[in-house]
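So the structure is just underneath, and the comments pick up after that.
The values are calculated or read from the model by the stated rules, or taken from the named source; none is laboratory data. Given the structure is predicted, the values throughout are model-derived calculations rather than measurements. Cβ sites come from the backbone with ideal geometry, for glycine too, and all protein chains shown count toward neighbours.
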């Protein structure tokens with residue numbers, strides 16, 4: 001029916017958008033596999049980026065090896081699947097700017 005709006009589950013939309021980022025899919029490809037119009041996916045992507053605060057990370061897990069503790073690279077994964085790898089000698093001011101600029 002023309003003009004009829006369908007409500008979409010936010011959790012499913014977020015999951016699909018994470019998949020899009022992870023797999024490098026276009027909105028059209030994601031639309032074809034999910035049945036959700038490409039325009040709707042683009043709208044939600046924009047809305048979620050705009051509505052999410054920089055502190056929007058889902059979870060922080062620290063995993064330690066039981067072996068010898070040595071400085072290693074830290075990997076930060078945002079809720080949309082963006083990954084930032086931080087070396088022990090990284091400029092922390094630059095790291096903070098990069099993390100703040102990521103869409104959440």
Query raised in the report: Among the residues of segment 14-29, is there at least one that is at pLDDT 90 or above, in contact with a helix residue (DSSP H, G or I) (Cβ under 8 Å, 6 or more places away or on another chain), over 17 Å from residue 81 (Cβ atoms) and assigned to a helix (DSSP H, G or I)?
Result: yes
Query raised in the report: What is the residue count in segment 36-82 for residues that are in contact with a strand residue (DSSP E or B) (Cβ under 6 Å, 6 or more places away or on another chain), surrounded by 10 or more Cβ atoms within 10 Å (Cβ to Cβ) and at pLDDT 80 or above?
Result: 1
**Report entry** Members of segment 85-99 found to be assigned to a helix (DSSP H, G or I) and surrounded by 10 or more Cβ atoms within 10 Å (Cβ to Cβ), listed by number
**Finding:** 94, 95, 96, 97, 98, 99
